[in-house]
1. Based on other C-beta atoms within 10 Å, arrange F217, F18, F176 from fewest to most.
2. Using Cβ counts within 10 Å as a stand-in for footprinting exposure, how do E139, E119 rank, fewest first?
3. Restricting to Cα pairs below 8 Å that are 6+ residues apart, what does the relative contact order work out to for the stretch 132-244? Please round to a whole percent.
4. What's the exposure ranking of I31, I112, I213, I13, going from fewest to most Cβ atoms within 10 Å?
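Read-outs: derived from the displayed coordinates by stated rules, not from any lab. For clarity, every value in this text was computed on a predicted model and none was experimentally measured. Cβ placement follows ideal geometry from the backbone for every residue including glycine, while neighbour counts extend to all protein chains displayed.
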Amino acid sequence: MLTAFPKGLFAHIQGIRFALAHRRYLLLAAIPFVLTLVLYAVGFGLFASRGDALLALLWSPDAAATGGISVALYWLYTHVVKYLLYLLAFVIMYFLFMVTANILASPLYDHIVGRLVRESRGGVPGPAGSSFWRVMLEEVKKAVFVAALPVLLMFVPVIGQFLSPAVAAWLLAFDFMDFAFCRDEPVFSSRLRAMARRPLLLLGFGAPLLLPIVNIFLFPFAILGATLLYLDVSGQTPRQPTAK
């Protein structure tokens, strides 16, 4: 049990090593990397240019107010609350971008996972992958669940601020591992219950994906690490494909 968290962490290193040893997977993994960078750049640009306007919709304090309470509230807003709101918006946006990137990259992820699982099992054909649009639709439905719960928890006083990052990490790890898991178990609720029995494993895999900058570089390899981790914990000892 205590080794589950570091095992989840180490899966990222395994994914990186695997990609570097198998160039065809490295090229495929580079596509989501570029996609994520573009999303981040566009999102941060919009946030930087429109952040003050969005906050003004919540409250526009009167800088000319002279009353004691008004002056105190204005100082508190401009020096504390404003930056906390920026931080909250930044965290939510960061997480939602990762979920969005997974939706857009889901057909490619499905192809990568199907190929890796097949080769790891010695070329034995597994369940056929779904069509392009069906994969996208399934990922959208899953993303609603993955994105909504952590964001809602952010607004629960005190305890929500502690639970939200942990739940976000767990669900993000589940999202990556689910591409392989769904090939063996088609029922979403069954997959969710099975993964819920491995909370530390998923937290170990998901936590680094929430770290700014770090997650950008881990993202291209996360699908490989998650697939290898799934094959390991499900008792399907993966055979290493021939390096090319």
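1. Ranked by crowding around the Cβ, least crowded first: F217, F18, F176.
2. Fewest-to-most Cβ neighbours within 10 Å comes out as E119, E139.
3. Taking the mean separation of contacting Cα pairs over the length of the stretch 132-244, I get 23 percent.
4. Lowest to highest Cβ neighbour count: I213, I13, I31, I112.
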